[in-house]
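Okay, handing you the structure first.
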Amino acid sequence: MLEVRSLRKTYGDHVAVHDVSFSVQPGEVVGLLGPNGAGKTTTVSMIAGLVTPVSGQVLIGGEPLAGDTDPKKRTIGLVPQDLALYDELSALANLRFFGALYHLSADALERAIASSLQLVGLADRAHDRVSTFSGGMKRRLNLAASLLHDPDILLLDEPTVGVDPQSRNAIFDNLETLKARGKGLLYTTHYMEEIERLADRVVIVDHGRVVASDTLEGLQRFAPAGAAGASLESIFLALTGRTLRD
Amino acid sequence: MRPILAMVRKDLQLFLTDRRAVIMSLVAPIAIASFFGSIFSGNSNADRARIPVAIVDQDGSAISRGILDRVRGDKWVSVSTPTADEARAAVQKGALTVAVIIPGGFGDAAGRAFFSGANRPTLTMWYDPSHSTELGLVRGVMTQYVMESVSAEMFTGEQGRKVIDDTLASIDSMRLSGQQQALLRDLLQSARSFYSQATPAPADGATSTTPRRGLSMPYSVSEEAVTSGRNAAYNGYAHSFAGMGIQFLLFASIDLGVGILLERQRGLWKRLRSAPVSRVSLLIGKATSGSIIALMTLVVSFAFAMLVFGVRIHGSLAGFGLVAFATAVMAATFGLLIAALGKTPGGTRGIAILAVLMMVMLGGAWIPSFIFPAWLQQLTVVIPARWAVDGFDAMTWRGLGLQAALVPTAVMLAFAVLFGGLAVARFRWEEA
């Protein structure tokens, strides 16, 4: 469904992403892990069309993504790390606006809004201003705004930053529901336990390169010597080192 | 089209959501334009503030008293008679605009100089340099009344008789040819005969209360302000509402530009860019909402000016609409340019405010551009605000037709194309 092929991005002399390749299949959750500055967000931005790669391709259903108005962008839903919402507007007004960007008709948009709000448990707060929402509610609305056009692939850039365990759990439930519906999810985070709970496969990047790509079980081969049944965190540290990155 | 309409609707919702900001964006231009309009509008003479002038009469002659009487009756000035020291101190403090010092011996010397042109006495004027334009008016007033007073005294007063007698007595010693001496003697004797016939001496103890007539202005003035028509008076509020309207439109364009930067900072632009919407559509959506908000501000401001201050569109209504439309589009694209060139919202706002203030100042929105030096007046043709002001003036108080709106409209639309093109070229599209 989504294939990332040899993506490369540079900023001057700095190589942010170097020859990154991986894929996301329908109904699959791929965890994208990496230390700060490893190139995770740049990779996600290239997939979403926010950043133009120097070389490489983003393929959707085998076809390269081409340009800002490529209809294949409708198959992608981006959940930004920031709470990309208008606090001054109601949840409904936010969703109406973001849905309209995908050329949804009025009826289809209203149905999509109802469905999305229902999924994230905010149907009863549709008419309230976002500024009155808690952090967890905003995170859920941030997710709902990315689902309106019913994308096949969801790009989730640290979607649980700053939320309490209840909201995080609710978001996980939402994501598992989406996975069950056959959506492919690319999930970036610093929380290893989230990947352990959600991901079918894990791609670990460091210094812009893929250093490991496998299932959770398959990653055990990168575990420190003698550490049978090592945690994902210990494998991650074994692959990326313990040097502070920022 | 649907995404563009959605962006416009969303931006209008955001604008109208903040009621305090809406009120301020409408009230502020109205308040400031009303203030400027009250200053620059053509008040009636009855309402006009008189120029405070002091006359220090150190002479005490009939001529100096005549000057004082005449100046007191003038409609342009209010006269006081302090001492010289008090007058100088008052001018220094700004309480007086001009102090006129009539020195001792002025009347006698002025009378003699009236015929001979030699040894003219000096009339000293101390003035407040911050009111130098009013000095010219006071100078004109004094010229008129000194001439009237001196000539009246010379032709009809005692001082004049004495001067003529003295001059007749000294003709033989003057450096004149015999023929010239004879002619001057005839002239002065005729003047002496005129005194005795035209101005009988008042009865004992009686004094004349009306200034005697001397030379007078040999013409009167008929003034007509050339506006849209004979029945349409100049309304200074039309200009001030145009100027302040444009200023606040440009301030609104700063909000538009900074708003885009804030959207980027909050990650909203990532969501916009991830949708299958072209870059031009995104900018058109922003420019359209900015133009609508700008037009709303203009319409409300001018509606207030019409209702409260009697401003009228004496020219072409369609032309007014064209100028308003072009101004709004120009302001909106200027906002896009701000967003394209700016980096942080805070830093951008400061620089943009400075740029807008320069633009409206040079565009003649605050003070008429004819006050500027000639080179600066020519330079202002590259300031879009000037074309907006000229366009609105043409359609309101000047009462010109549609044709007069076409050039300002075309120029502002050209500016809009320039600003929009630069914005598209310089906009930071990548959202890492």
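With charges set only on the Cβ (+1 for Lys and Arg, -1 for Asp and Glu), what does the dipole of chain A come to about its Cα centre, in debye to the nearest 20?
160
Could you derive backbone 3J(HN,Hα) for region A:146-161 from the dihedral phi with the Karplus parameters 6.51, -1.76 and 1.60 (θ = phi - 60°), listing whole Hz in sequence and x where the residue is Gly or Pro?
Residue by residue, region A:146-161 yields 8, 9, 4, 8, 6, x, 7, 10, 10, 9, 10, 9, 6, x, 10, 4 Hz.
Further, regarding this structure: How far apart, in nm, are two points set 7 Å out from the Cα along the Cα-to-Cβ line at A:A66 and at B:L357?
A separation of 5.2 nm, rounded to one decimal place.
Loop by DSSP (not H, G, I, E, B), at most 14 other beta-carbon atoms within 10 Å: where is the longest site-free stretch of chain B for GluC sites (Glu not before Pro)?
Value returned for the longest uninterrupted segment is B:1-222.
Related question: Tell me which trypsin sites (Lys or Arg not before Pro) from region B:121-178 have a DSSP coil assignment and no more than 10 other beta carbons within 10 Å of their own.
B:R175
Now for a separate question. By how many degrees, between 0 and 90 and to the nearest 10, does the Cα long axis of helix B:2-17 differ from the longest principal axis of chain B?
Tilt relative to chain B: about 50 degrees.
Place +1 on the Cβ of every Lys and Arg and -1 on the Cβ of every Asp and Glu in the protein assembly as shown, take the dipole about the Cα centre, and give the residue among B:A326, B:G310, B:S130 whose Cα lies farthest towards its positive end.
The residue sitting farthest along the positive end of the dipole is B:A326.
Could I ask something else about it? Do any residues of region A:45-84 lose at least 20 Å² of accessible area when the full set of protein chains is present rather than just their chain alone, and if so which, with a 1.4 Å probe?
For region A:45-84, once contacts with the other chains are taken into account, A:L50, A:V51, A:T52, A:D68, A:T69, A:K73, A:L78, A:P80, A:D82, A:A84 lose 20 Å² or more.
Given a Förster distance of 25 Å, report the FRET efficiency between B:K93 and B:Q144 from their Cβ-Cβ distance, rounded to the nearest 0.05.
The formula returns an efficiency of 0.30 here.
Could you compute the net charge surrounding B:G267? Neighbours are other residues with a C-beta less than 10 Å from the C-beta of B:G267; K and R count +1, D and E count -1.
Every neighbour counted, the sum reads 0.
Mind checking the dipole of region B:51-157: about its Cα centre, +1 per Lys or Arg Cβ, -1 per Asp or Glu Cβ, Debye to the nearest 20? Walk me through the intermediate numbers first.
Details: 9 positive and 11 negative charges, 30 e Å.
Using Cβ point charges on Lys, Arg, Asp and Glu, region B:51-157 gives about 140 debye.
How many nm is it between the label spots at B:A318 and B:Q378, if each spot is 7 Å from the Cα in line with the beta carbon?
For the pair B:A318/B:Q378, the computed spacing is 3.6 nm.
Under 17 Å from a label point 7 Å along Cα→Cβ of B:R20: give me every residue in region A:131-146 with its amide N that close.
Residues A:131-132 fall inside that zone.
Of the DSSP beta bridges with both residues in chain B, give the percent that are antiparallel, rounding to the nearest 5.
Within chain B, antiparallel bridges account for around 35 percent of the total.
If you take the accessible area of A alone plus B alone and subtract the pair, what total do you get in square angstrom, rounded to 100, with a 1.4 Å probe?
3000
Residues of region B:263-306 that become at least 50 Å² less accessible with every protein chain present than in their own chain isolated, using 1.4 Å: which are they?
Residues meeting the cut-off: B:R266, B:L268, B:K270, B:R271, B:R273, B:S274, B:P276.
Continuing with this model, one more query. Distance from the Cα centre of region A:210-246 to that of region A:1-42, in angstrom?
Each part reduced to its Cα centre gives a spacing of 18 Å.
Moving on. Does anyone have the angle between helix B:19-40 and the longest principal axis of chain B? Alpha-carbon axes, 0 to 90°, nearest 10?
20
Let me ask you something else. Give me the 1.4 Å probe accessible area per residue for chain B, excluding ligands and nucleic acids, in Å².
With all protein chains present, chain B gives 51 Å² per residue.
Let me ask something additional. Say each of A:F222 and A:F172 gets a label point 7 Å from the Cα, pointing the same way as Cα to Cβ; how far apart are those two points in nm?
2.2
Chain A: longest stretch without exposed trypsin sites (Lys or Arg not before Pro) (DSSP loop, at most 16 other Cβ within 10 Å), sites themselves excluded? Don't jump to the answer; show the numbers that get you there.
Values: sites that count: A:R181, A:R242, A:R245.
Result, exposed sites excluded: A:1-180.
Something else: Give me the angle, in degrees from 0 to 90, between the Cα long axis of helix B:132-156 and the longest principal axis of the Cα atoms of chain B, rounded to the nearest 10.
Helix B:132-156 sits at roughly 20 degrees to that axis.
With springs only between Cα atoms under 10 Å apart, run a GNM on chain B and tell me which of B:P408, B:P384, B:P276 wobbles the most.
B:P276
Suppose R0 equals 45 Å. What FRET efficiency, 1/(1 + (r/R0)^6) with r the Cβ-Cβ distance, do B:V299 and A:E196 give to the nearest 0.05?
With a Förster radius of 45 Å, E is 0.15.
Here's something else I'd like to know. Normalised by the residues of region B:293-432, what does the relative contact order come to in percent, with Cα pairs under 8 Å and at least six apart?
Relative contact order of region B:293-432: 40 percent.
Who wins for biggest fluctuation among B:L250, B:L298, B:L317 in a Gaussian network model of chain B, springs between alpha carbons below 10 Å?
Taking springs between Cα atoms under 10 Å, the residue moving most is B:L317.
Given the -39500 (n - 2.57) contribution per DSSP H run of 4+ residues, what per-residue ellipticity at 222 nm results for the protein assembly as shown, rounded to the nearest 500 deg cm²/dmol?
So the helix-based figure for the protein assembly as shown works out to -17500 deg cm²/dmol.
A further question follows. For the protein assembly as shown, which whole percent of the accessible surface, found with a 1.4 angstrom probe, sits on carbon and sulfur atoms?
Answer for the protein assembly as shown is 57 percent, counting heavy atoms of protein chains only.
Take the cross-link list A:K40/B:K270; A:K40/A:K73; A:K9/A:K73; A:K72/B:K343; A:K73/B:K270; A:K138/B:K343 and give me the ones stretching past 22 Å between alpha-carbons.
In this structure, A:K72/B:K343; A:K138/B:K343 lie more than 22 Å apart at Cα.
Take every Cα pair under 8 Å in region A:2-240 that's 6+ residues apart, average their separations, divide by the length, and report that relative contact order as a whole percent.
Computed over region A:2-240, the figure is 28 percent.
Over chain B, what is the mean sequence separation of C-alpha contacts under 8 Å (at least six apart), divided by residue count, expressed as relative contact order in percent?
18
Right, next: If you place +1 on the Cβ of every Lys and Arg, -1 on the Cβ of every Asp and Glu, and leave all else neutral, what size is the dipole of the protein assembly as shown about its Cα centre, to the nearest 20 Debye?
Roughly 600 debye, rounded to the nearest 20.
Taking a label point 7 Å from the Cα of A:V15 along the Cα→Cβ vector, which residues of region A:22-46 have an amide N closer than 19 Å to it?
A:22, A:34-44, A:46
Could you work out how much longer the chain between A:A114 and A:D150 gets when fully extended? Use 0.36 nm per residue separation minus the Cα distance between them, nm to one decimal.
On the way: separation 36, 0.36 × 36 = 12.96 nm, distance 1.26 nm.
Difference between extended and current length: 11.7 nm.
Specify the residue with the greatest mean-square fluctuation among B:S369, B:S278, B:S240, computed from a Gaussian network of chain B linking alpha-carbon atoms under 10 Å apart.
B:S278
So which helices of chain A fit the span-like rule, where a helix is a whole DSSP H run, its Cα atoms reach 20 Å or more along the axis, and its mean Kyte-Doolittle is at least -0.5?
Both cut-offs are met by A:106-120.
The values are calculated or read from the model by the stated rules, or taken from the named source; none is laboratory data. Not measured: the values here are computed from a predicted model. With ideal geometry, Cβ positions are generated from the backbone for all residues, glycine too; neighbour counts draw on all protein chains shown. Remember, those area values only see protein heavy atoms, side chains included, never the ligands or the DNA or RNA. Shrake-Rupley method; radii C 1.70, N 1.55, O 1.52, S 1.80 Å.
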